[in-house]
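The values are calculated or read from the model by the stated rules, or taken from the named source; none is laboratory data. On a predicted model such as this, the values are computed, not experimentally measured, just so you know. Virtual Cβ from ideal backbone geometry, glycine too; neighbours counted across all protein chains shown.
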Amino acid sequence: MCYGRLSGKRVLVVEDEPLIAIDLEYSLIAAGATVTVASSREDALRQASSRRFDGAILDLIISGNECTPVIDVCQALAVPFVIYTGSRPSECSDRGAPIIQKPAATEVVAQAFEDLIGTRPLGAASLNPLDTMARAADDR
């Protein structure tokens, strides 16, 4: 990931697994974003409804609760989002958002997010982990 590419972007990360949340948060901050992490559906709804975000990375199931209400708020507010889930992708394929199946490298998720909000150059989009790892090595 190219550092500074998300400079000035406000990102909501909805994730209940602490290590995944920390990893995503670190990667996004390193890219220049301001990150808010919500680890419960209630907190995610509160954050999504009360603050303006440039985008979001959402786990579909948080502590056993579906996060479809958070998706609904993001869609209502025109906040683009990536779904990063261990659930079956077919459960959320009708949401019109990129879906990344867990487990996936944090770089894959962060770059999909960058692609989504239009901060990557044209032609750079790829969710293939091998392409992503090669780009990450080139960025160093």
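Quick check on my filter: what residues within the stretch 21-35 are surrounded by fewer than 19 Cβ atoms within 10 Å (Cβ to Cβ) and out of contact with any helix residue (DSSP H, G or I) (no Cβ under 6 Å at 6 or more places or on another chain)? Lay out the reasoning, then the answer.
Narrowing the stretch 21-35 to residues surrounded by fewer than 19 Cβ atoms within 10 Å (Cβ to Cβ): 22-23, 26, 29-30, 32, 34.
The answer is ILE22, TYR26, ILE29, ALA30, GLY32, THR34.
Could you run through the stretch 91-102 and say how many residues are modelled with pLDDT under 85 and either of a type in the set (A, V, I, L, M) or more than 24 Å from THR34 (Cα to Cα) (or both)?
7
Can you pull out the residues in the stretch 36-52 that are closer than 14 Å to VAL79 by Cβ and buried (at least 20 other Cβ atoms within 10 Å of the Cβ)?
If we filter the stretch 36-52 for residues that are closer than 14 Å to VAL79 by Cβ, which is where we start, we get 36, 38, 44-45, 47-52.
Matches in the stretch 36-52: ALA38, ALA44, ALA48.
Using the structure shown, decide if ILE71 is assigned to a strand (DSSP E or B), β-branched (Val, Ile, Thr) and either touching a residue at least 24 places away in the same chain (Cβ under 8 Å) or in contact with a helix residue (DSSP H, G or I) (Cβ under 6 Å, 6 or more places away or on another chain) (or both). If you could, list the steps in order and put the result at the bottom.
Numbers: assigned to a strand (DSSP E or B): no; β-branched (Val, Ile, Thr): yes; either touching a residue at least 24 places away in the same chain (Cβ under 8 Å) or in contact with a helix residue (DSSP H, G or I) (Cβ under 6 Å, 6 or more places away or on another chain) (or both): yes.
When the stated conditions are applied, ILE71 does not pass them.
Evaluate the stretch 80-90: report whether one residue or more is at pLDDT below 85, among the polar types (S, T, N, Q) and farther than 26 Å from GLY4 by Cβ. Taking every residue of the stretch 80-90 in turn, at least one turns out to be at pLDDT below 85, among the polar types (S, T, N, Q) and farther than 26 Å from GLY4 by Cβ. LYS9 meets each of the listed conditions (1) free of Cβ contacts under 8 Å to residues at least 12 places away in the same chain; (2) surrounded by 19 or more Cβ atoms within 10 Å (Cβ to Cβ); (3) basic (Lys, Arg) apart from (1).
Within the stretch 6-18, the residues that satisfy the criterion of being touching an Asp or Glu at 6+ places or on another chain (Cβ under 6 Å) and assigned to a loop (DSSP other than H, G, I, E, B) are LYS9, GLU15.
Scan the stretch 79-88 and give yes if some residue there is free of Cβ contacts under 8 Å to residues at least 24 places away in the same chain, surrounded by fewer than 19 Cβ atoms within 10 Å (Cβ to Cβ), in contact with a strand residue (DSSP E or B) (Cβ under 9 Å, 6 or more places away or on another chain) and assigned to a helix (DSSP H, G or I), otherwise no. Looking through the stretch 79-88, none of the residues is free of Cβ contacts under 8 Å to residues at least 24 places away in the same chain, surrounded by fewer than 19 Cβ atoms within 10 Å (Cβ to Cβ), in contact with a strand residue (DSSP E or B) (Cβ under 9 Å, 6 or more places away or on another chain) and assigned to a helix (DSSP H, G or I).
Given the conditions (1) surrounded by fewer than 21 Cβ atoms within 10 Å (Cβ to Cβ); (2) under 18 Å from GLY96 (Cα atoms), which single one is not true for LEU60? All conditions pass for LEU60, except number (1).
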